[in-house]
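In what follows, a single structure is set out as structure tokens and then discussed.
The values are calculated or read from the model by the stated rules, or taken from the named source; none is laboratory data. Computed from a prediction, not measured in an experiment: that's the story for all the values here. Note that each Cβ is placed from the backbone with ideal geometry, even for glycine, and that neighbours are counted across all protein chains shown.
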Amino acid sequence: MAKTIKIDDELMEVIGREAELMSRSLAGQVKHWVRIGMSIEKSRFFDQSRIVEALSGKLPPDALTAEEQEAYIDGLFDAARSGTREQEKFFAKRRADGLGAGLRDGKITRESDTAA
């Protein structure tokens with residue numbers, strides 16, 4: 001029996017793009033990725049706990065297998081995209097102080113300079 005799940009908009013955009021590129025339905029793309037993920041997690045060359053240790057700085061990335069390093073890099077990109085609470089506070093304060101930066105006519109300017 002089919003079930004319904006909630007997927008955030010950002011991930012749905014990625015699924016939609018990949019589904020279109022691979023000529024799959026949205027459900028087909030998700031099913032494909034689930035199968036890949038299950039295969040990877042069952043592989044003797046892949047240990048998710050080691051990736052978590054590397055992402056938290058407890059294990060050097062060089063100690064990971066090639067497959068684990070790929071997942072580690074994906075994890076780094078995910079972390080970089082979302083940012084930390086401290087980063088959000090830092091940039092909110094900069095914006096409040098008028099220290100944000102923008103691009104105007106190909107040159108980096110202060111946020112207050114870009115409003116014109």
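Of note:
- Here ALA116, ALA80 are screened, and the one residue that is loosely packed, with under 11 Cβ neighbours inside 10 Å, at pLDDT below 90, of a type in the set (Gly, Ala, Ser) and not in a helix (DSSP H, G or I) is ALA116.
- Candidate set from the range 46-77 (those that are outside any helix (DSSP H, G or I) and free of Cβ contacts under 8 Å to residues at least 12 places away in the same chain); member that is nearest to LEU11 (Cα to Cα): SER56
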